[in-house]
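Contents: one structure, followed by commentary.
Every number here is computed from the coordinates shown, using simple stated rules; none is lab data. The shown structure was predicted, so the numbers you read here are calculated from the model rather than taken from an experiment. Positions of Cβ are generated from backbone atoms using ideal geometry, with glycine treated the same way; all protein chains shown enter the neighbour counts.
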Amino acid sequence: MTTADKATGVLAIWNDIRDGREVDFESWYKDEHFLERLAVPGFRLGRRYEAVSGAPRYFCYYLTDTPDTLRSLPYLERLNNPTPRTRAMMSDAFGNMHRTMCRRVARRGALSGALSITVRFHQPANHEQSLAMLDRLARADGVARCELWSAVDAGADISLEERLRGGDRRIAACMVVETLRLSDAERVHAQLASELGVGAELGIYRLLCQLASGGVA
């Protein structure tokens, strides 16, 4: 089991980028931001995705040793002292930002998939029902991994980066299902949409890249 597999903290992010800023966004992520975040002590893995269906357009998450890593002094120092490029991106490029500190409360499966279905809940999820759903999904053909994340950032201080963005939305919980192929993701997405109804926001996201602390995973 790797250090990332043992991680219990998750920073879950969905966002759009304003028209005309996509090139700057990709350059900033590749050359500065991803590397900077994974250099923070306790950050173990970051993954970036782009939407196949659903919104916002981008999904990114970081695995950290524990949720407390996301309240640590080194991380808060970065949030409150953004680089010039980060300050510019946060103030005039980001939009429709969802950002929540979470605890990874359950995981089923050991593989990583090429696509992820994310299910955002804005009310706390029923724990027993969610675990039963994970168990069932993990046995389905084409599913690599399923996870359940629960928000832990109630009452967190607002960082300078968030103020530059104009404020973020929060979720209460998230279910993530990784699949091998797009057809698998579309099948699972349709099933979950039918079962969960209007109480959840679903999207299918294609993996763009990932980075582990110390180098590419």
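Model label sites at residue 193 and residue 122, defined 7 Å from Cα along the beta-carbon direction, differ in position by 1.9 nm. Inter-part distance, the stretch 142-217 to the stretch 47-98, computed on C-alpha centroids, equals 13 Å.
Would you mind checking the stretch 1-33 for residues with the amide N under 17 Å from a putative spin-label position 7 Å along Cα→C-beta of residue 170? Counting only backbone N, you get 10-14.
Summarising the label geometry, the points placed 7 Å from Cα in the beta-carbon direction at residue 183 and residue 39 lie 4.5 nm from one another. Normalised by the number of residues in the chain, the average gap of Cα pairs under 8 Å and 6 or more apart makes the relative contact order 29 percent. Size of the chain: Rg and Dmax of its alpha carbons, in Å, are 16.5, 47.
Applying 0.36 nm per residue to the separation of residue 6 and residue 32 and subtracting their alpha-carbon distance, the gain on full extension is 6.7 nm. Remark: the residue 129-residue 112 segment gains 3.8 nm on full extension, using 0.36 nm per residue and subtracting the alpha carbon distance. Taken about its Cα centre, the chain carries a charge dipole of roughly 240 debye when the Cβ of each Lys and Arg holds +1 and the Cβ of each Asp and Glu holds -1.
Go through 130-139, 59-68 and give me the packing order, highest mean Cβ count within 10 Å leading. Don't jump to the answer; show the numbers that get you there.
On the way: 130-139: 16.2, 59-68: 22.0.
Highest-to-lowest ranking by the protection proxy: 59-68, 130-139.
Taking 7 Å steps out from each Cα toward its Cβ at residue 83 and residue 23 produces label points 2.0 nm apart. A simple count of charges around residue 15, restricted to other residues whose Cβ falls under 15 Å of its Cβ and scoring Lys, Arg +1 and Asp, Glu -1, yields 0. Relative contact order of the stretch 29-150, taken over Cα pairs closer than 8 Å and 6 or more residues apart, is 21 percent.
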